[in-house]
Amino acid sequence: MFKKVFPLSAILSLRFLGLFLVLPVISVFALELEGSTPLLVGIVVGGYALTQAIFQVPFGAMSDKIGRKPTLLVGLLIFLVGSIICAYSTDIYTLMVGRFLQGAGAIGSVIAAMISDLVPEETRGKAMAIMGASIAVSFALAMGLGPVLGAKFGVEFLFILTAVFALLAIVLLFTKVPTPPKIKHVYHATSKTSDILKDPNLLNMIIINAMQKGLMTVAFVLIPIILTSDAFAWQKSDLYMAYMPAMVFGLVAMGPAAVFGEKYNKPKEIFLLSIALFIGSFLIMGLTGSSTLFIIGVVMFFIAFNMMEPLVQSMITKFAKVHQKGAALGIANSVAYFSTFIGGTSAGLLLGFSDRETIGVSIAIIATLWLLWTLKLQNPTRYSHLYISQADIDISKLQNLENEHITEWYINESENLVVIKYATGVIQEEELRAKISR
């Protein structure tokens, strides 16, 4: 599984590494460009997410028609062009166009679909966790490298580096990514896409994903502007002193959180702890007059973000029905990208007429309401998967067991297999085989 998933995760990681590299410094950079205002700076920070949200579904549909690899190539080329435009921007509007183009190469849903093509159902949750972890690692690395490289070589260099990452991703696509098999699945039970939003656990995960990404852009608008303002009077070259410890602690926290959430099946507890850290971080960043305490607030924010990131995608696939995993991920990520754009825009707007203290307390109150909402989330039930030849199974017996021991099943016509998802601990594999065999 790892050999199939790693190249795709690496492509996505390179793309996100490029996007994340500029986040720690882009608001200060954009504020100095011709025509800039706090609102336009906020749009620039989160602008990539707006077009990413808009183009997620079209790119997914295009990959179904022309294939996954050609679609990924198109997305990476658009991302490459957007990065070059950003690198040579001299005014806020050109930078905004480049950021919109960076997001328009929306390949996240295509990569998720390709992983689903390549990886069996029972290991798909782990595959999504690997993908989420790779994004979290990119995020953590970018937080340490972005401020240092930006201060030494300029933010323009970061965009050039992003374009190089796009080229590397294209090389990986055609040298390391296998061509997925064409598999036809026949689902005995179907439901509407709108039913995804009626599932309370999936709705909770969509909200968790959206809030996490929205708070990310809020933080990246506020942190560099606040630290370089009269309140702390830091130089842009000093920003690494806030982001470097945040990167280290974020990476350290990510591993145990992923193990506790996945291995011990306690993602709810990780999410609640992360939200509590978000609340504390924004209160500290909003209210403190001490640089040391402000850095502690930044560290708390990154710990919270990195604890969540590896678990979010995996939990969505665990709560979704097998035939709706792609749709559930698509909805969750589209909502998250819209939230990312709204977060950046709102932060820029608030900077124009409100003070730091009010902003910090207001965000903490919103996060507290989020915490209370998340209390309704349930940890996922543990399931196993049984693969059995269609010729060896009595479908009528299988249907009689449904809802008693079996949550769902489908037929893989290309390989002539019936795939059965059943509750671990309720029934053993041999007992299930005996009950459904001809």
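The values are calculated or read from the model by the stated rules, or taken from the named source; none is laboratory data. Fair warning: this is a prediction, and the values are worked out from it, not measured in the lab. In this analysis, Cβ positions are derived from the backbone assuming ideal geometry, glycine residues included, and neighbour counts consider all displayed protein chains. Each accessible area value is taken on the protein alone, full model and side chains, heavy atoms only, with ligands, DNA and RNA left out. Shrake-Rupley method; radii C 1.70, N 1.55, O 1.52, S 1.80 Å.
Total residues in the stretch 416-438 satisfying the condition of being part of a loop (DSSP other than H, G, I, E, B) and out of contact with any Phe, Trp or Tyr (no Cβ under 9 Å at 6 or more places or on another chain): the figure is 6. Within the stretch 66-77, the presence of a residue that is open to solvent by 10 Å² or more (accessible area, probe 1.4 Å), among the small types (G, A, S), assigned to a helix (DSSP H, G or I) and more than 21 Å from G352 (Cβ to Cβ) is excluded. Which residue is surrounded by the fewest Cβ atoms within 10 Å (Cβ to Cβ), if the candidates are limited to the stretch 411-426 and must be at pLDDT 80 or above and in contact with an Asp or Glu (Cβ under 9 Å, 6 or more places away or on another chain)? This residue is K421. Taking first residues from the stretch 381-400 that are at negative phi and partners that are of a type in the set (A, V, I, L, M) and not in a strand (DSSP E or B), the Cβ contacts under 7 Å between residues at least 6 apart in sequence or on separate chains come to L386/L432; I393/I436; D394/I436; K397/I436; L398/I436. For the stretch 382-410, the candidate set comprises residues that are open to solvent by 70 Å² or more (accessible area, probe 1.4 Å) and of a type in the set (S, T, N, Q); within that set, the residue that is nearest to K318 (Cα to Cα) is N403. Could you list all residues from the stretch 427-438 that are in contact (Cβ under 8 Å) with a residue 40 or more places away in the chain and open to solvent by less than 70 Å² (accessible area, probe 1.4 Å)? Scanning the stretch 427-438 gives L432, I436, S437. Can you name the residue in the stretch 1-59 that is more than 24 Å from L161 (Cα to Cα) and charged (D, E, K, R) and, of all such residues, is nearest to the chain's Cα centre (by Cα)? For the stretch 1-59, the residue satisfying everything is K4. Residues of the stretch 209-247 that are open to solvent by 10 Å² or more (accessible area, probe 1.4 Å), closer than 30 Å to L369 by Cα and among the β-branched types (V, I, T): V218, I225, I226. Taking F353 as the residue in question, decide whether it is surrounded by fewer than 21 Cβ atoms within 10 Å (Cβ to Cβ) and either under 17 Å from the mean Cα position of the chain (by Cα) or at pLDDT 90 or above (or both). Answer is no for this residue. Tell me, which residue of the stretch 384-407 that is at pLDDT below 80 and assigned to a strand (DSSP E or B) is nearest to the chain's Cα centre (by Cα)? Step by step, filter the stretch 384-407, then rank; the result is T407. Which of the residues spanning the stretch 49-65 are open to solvent by 40 Å² or more (accessible area, probe 1.4 Å) and more than 29 Å from A30 (Cα to Cα)? Selection gives V57, P58, A61, M62, D64, K65.
Residues in the stretch 196-208 that are surrounded by fewer than 21 Cβ atoms within 10 Å (Cβ to Cβ) and under 23 Å from A347 (Cα atoms): I207 only.
Here is a yes/no grid of residues against (1) in contact with a helix residue (DSSP H, G or I) (Cβ under 7 Å, 6 or more places away or on another chain); (2) among the β-branched types (V, I, T):
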| residue | (1), (2) |
| --- | --- |
| L351 | yes, no |
| D355 | no, no |
| T368 | yes, yes |
| L372 | no, no |
| K376 | yes, no |
| Y383 | no, no |
| Q399 | no, no |
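Cβ separations smaller than 8 Å between residues 6+ apart or across chains give the following pairs from the stretch 1-13 residues that are among the basic types (K, R) to residues that are open to solvent by 10 Å² or more (accessible area, probe 1.4 Å): K4/L118; K4/P178.
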